[in-house]
Amino acid sequence: MSEYEAVTLDSNVWYHLSEARVDEYDSGNFASSFQVEDDNGVAVWGFVDHYWQFQPVDDGPKGRYALRCSRTGVFKQLTACYAADEIDDSKTQPCMVASDGTKAQMWDVSDWGNQTYRFVNVQNGSDYVMDVHPGNPPFMSSDLRDSFPQPGRHWLMTSVSDVDDGAYSTVFTKVPSSTATDASTTGSSSPDATDTTSDSTTSSSSSSSASSSSSSSSSISTGAAAGIGIGVGIAVLGLGLGIFFFWWRRRNRNRAANELPSDESKPAPPVTASSASYSGWQPPQEMSTDREVRSELDSTPMWGSTVGTRSPETLKSTPVPESSEPYKDGAEANTNIHTGNPYGAH
């Protein structure tokens, strides 16, 4: 920056940026704007109300800033990003990235000498300046020749309004969360923010201490995260083994139950001639067709079958035996006909 005078800009002002190929101061108002495109890219197109804030970098030389756009807010800053399809040897283009306070988000702004401004990225170094391809996005140009006009690298700026927002007064040292509490106040910048050409030994020592402390904290956090991950993995493995054990045990139990002999599963033994005599079993008898004989309506029983010696047929055909002696009255009547003794005699 020794060849060009560093520029002092007000951090509480929104600036309208354009480039000399498409605009000039004499026109009164710029017709184009250096603007954010699709939240991450940048380009110079027709006018839109995208304005820029220049926040000075702590412990940096004069003219070193972090750039925020009114379109994306304080949580993104202009950064030099790798672009594989960039035709320049730098392979670098400016873009919008989450605020982290690294050197890729620091810009040295100086005056070309005609109220146009020169932008150099601290990470890329002074061998590259921010330029714009005609009709294409801005890029970091490695062509520093000044033997012919290159208006795309001459930037124009006019003030628009005050910022008046405390959030924009901070300088970030890490990726912020949704609140401003993750942002450091002035005086707590990242070690990367310290100028590499600084002659202050005390400042270098402080930066080294801060870097060591940050590394230690990072190591502790990483170790804790690894421990948690291992614990969760062991718990999941144990749960899986437990489920497998119960499944295996239940499967074996069901298999053993299925293999036990069952009376119901045995086939019934066939009926054979030898089993016919089992438990006094007798084959069924056929009913005699002569068994039931209908008799005439008289004193003769209806059954005429000759079954046994005292069957109804025997009773029908056998006459009643008559007494050889007639019935006697009186004393003879009191005589037992079987013994010949009178009743009551001993």
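Throughout, read-outs are computed from the coordinates displayed, never taken from laboratory work. Worth saying up front: this structure is predicted, and the values here are computed from it rather than measured. Note that we place each Cβ from the backbone using ideal geometry, even for glycine, and neighbour counts take in every protein chain shown.
Distance in nm between label sites at A256 and D38, each 7 Å beyond Cα in the beta-carbon direction?
Once both label points are built, they end up 6.7 nm from each other.
So which GluC sites (Glu not before Pro) in the range 1-77 end up in coil per DSSP with only 15 or fewer other C-beta atoms within 10 Å?
E3, E24
Would the range 103-160 count as rounded, prolate or oblate if I go by the C-alpha gyration tensor, calling it rounded below 1.5 in a/c and otherwise prolate when a/b exceeds b/c, oblate otherwise? Don't skip to the answer; put the middle values down first.
Numbers: a/c = 1.31, a/b = 1.06, b/c = 1.24.
Note, shape of the range 103-160 comes out rounded.
Taking amide H positions as placed in the peptide plane 1.01 Å from N, state which residues far from W14 in sequence (5 or more) or on other chains have amide H under 5 Å from it.
Correct list: V160, S161, D162, V163.
If you stretched the chain out fully between E24 and S159, how much longer would it get, using 0.36 nm times the residue separation minus the C-alpha to C-alpha distance? Mind showing how you got there, number by number?
Working: separation 135, 0.36 × 135 = 48.60 nm, distance 1.46 nm.
Full extension from E24 to S159 adds 47.1 nm.
Please label the shape of the range 5-175 as rounded, prolate or oblate, based on the square roots a ≥ b ≥ c of the eigenvalues of the alpha-carbon gyration tensor (a/c under 1.5 means rounded; beyond that, a/b larger than b/c means prolate, else oblate).
Numbers: a/c = 1.35, a/b = 1.14, b/c = 1.18.
It comes out rounded by the Cα gyration axes.
For the range 5-175, calculate the relative contact order in percent as a whole number, restricting contacts to Cα pairs under 8 Å that are 6 or more residues apart. Please list the in-between numbers first.
Details: 398 pairs, mean separation 45.6, N = 171.
Relative CO of the range 5-175 lands at 27 percent.
With label points built 7 Å along Cα→Cβ from the Cα atoms of S147 and D85, find their separation and express it in nm.
Label-label distance for S147 and D85, simple model: 3.3 nm.
Determine the gain in length on full extension of the stretch I243-I228; use 0.36 nm per residue of separation and subtract their C-alpha separation, reporting nm with one decimal. The partial results should precede the final answer.
Details: separation 15, 0.36 × 15 = 5.40 nm, distance 2.27 nm.
Value of the extension gain: 3.1 nm.
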